[in-house]
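Written out below as structure tokens is the structure these notes cover.
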Amino acid sequence: MGETVTTQAVIILLGPPGAGKGTQARMLEERFGLVQLSTGDLLRAAVAAGTPAGLAAKAVMEAGGLVSDEIVLEILEDRMSRPDIRAGVILDGFPRTAGQAQALDRLLSGRGLGVSAAISLEVDDEAMIDRVAGRYACADCGEGYHDTHKRPARAGACDKCGGTAFRRRADDNAETARERLRAYHAETAPLIAHYDKLGVLRTVDAMGSIAAIATALGTIVQRAAA
Ligand code: AMP
């Protein structure tokens, strides 16, 4: 983490499943000292812990639908109230509906803040189905892999940490990915216009290499949050 941002930055990553939001959010987190805030990760943790929110969300997530705004906002506000987010946040997978975007605007203005940049990762739909349906990760360190595009160099062992256990998300299959993509176009893509109106929209071609996309995002974050 070499660089820092001087204001409390609020960066939103918009894009369909498989666009690389999680990967890029983790890279920005390391580079700028921001905190990645993924509502998908928070919901999966709630499901694993068996909390009431998790129990209510489980079936919806497995079907590729959107969890209710009420549940999502509750876990997000809870996370935003923790002190470690002082430098700022990268919102990964939130907001996903008009109601969530409005709630976020209210939450931020109550703290004297606003969205620094909403970055839309532009990708090809069919390529996203393939990416999502084939992906899995090391159970120990979280390093990401893909059935055809990125296999471990030594079969069955993680390149990064040597771990031999891997996990695949329950919703990372072609059928559920199609439903998630449908939900994205119906509910989330319209938010692009919302952030354009606020003057904070940036778009990035996200079909290129992870490194090239990271460079483009880094420049945007530096300008938006300096
Ligand atoms: P993700 O990890 O962002 O792909 O999210 C996985 C799943 O969690 C989604 O398919 C939804 O079912 C649920 N989810 C995550 N974030 C949200 C959100 N902001 N609003 C509604 N549902 C969400």
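The values are calculated or read from the model by the stated rules, or taken from the named source; none is laboratory data. Computed from a predicted model, the values in this text were never measured in an experiment. Positions of Cβ are generated from backbone atoms using ideal geometry, with glycine treated the same way; all protein chains shown enter the neighbour counts. Please note that ligands, DNA and RNA were not included when accessible areas were found on the heavy atoms of the full protein model with its side chains. Shrake-Rupley method; radii C 1.70, N 1.55, O 1.52, S 1.80 Å.
Observations on the structure shown:
- Using the rule -39500 (n - 2.57) for each DSSP H run of four or more residues, divided by the residues of the chain, the 222 nm mean residue ellipticity is -13500 deg cm²/dmol.
- For His146, residues with placed amide H under 5 Å, excluding near neighbours: Tyr136, Arg151
- Per residue accessible area in Å² of the range 31-124, where ligands, DNA and RNA are left out and the probe is 1.4 Å: 44 Å²
- Distant-in-sequence amide H partners of Ser38 (H built 1.01 Å from N, under 5 Å): Asp92
- Within the accessible area of the chain (1.4 Å probe), percent carbon and sulfur: 52 percent
- Cα gyration tensor shape for the chain, rounded if a/c is under 1.5, else prolate or oblate: rounded
- Modelled FRET efficiency - R0 22 Å, Ala214 with Glu122, Cβ distances, 0.05 increments: 0.90
- Rounded to the nearest 0.05, the FRET efficiency derived from the C-beta distance between Leu198 and Ala165 at R0 = 45 Å is 0.55.
- With the alpha-carbon atoms of the range 116-226 aligned to their principal axes, the span from lowest to highest coordinate is 48, 35, 21 Å, starting with the largest.
- Converting phi to 3J(HN,Hα) with the Karplus coefficients 6.51, -1.76 and 1.60 and the offset θ = phi - 60°, the range 185-194 yields 5, 6, 10, 9, 4, x, 5, 4, 5, 4 Hz in sequence order, with x at every glycine or proline.
- Electrostatic bookkeeping for Asp69 treats Lys and Arg as +1 and Asp and Glu as -1; over the other residues with beta carbon under 15 Å from its beta carbon, the sum is -4.
- Accessible surface of Asp78 - all protein chains present, 1.4 Å probe, nearest 10 Å²: 100 Å²
- Rounded to 5, the percent of DSSP beta bridges in the range 81-226 classed as antiparallel: 55 percent
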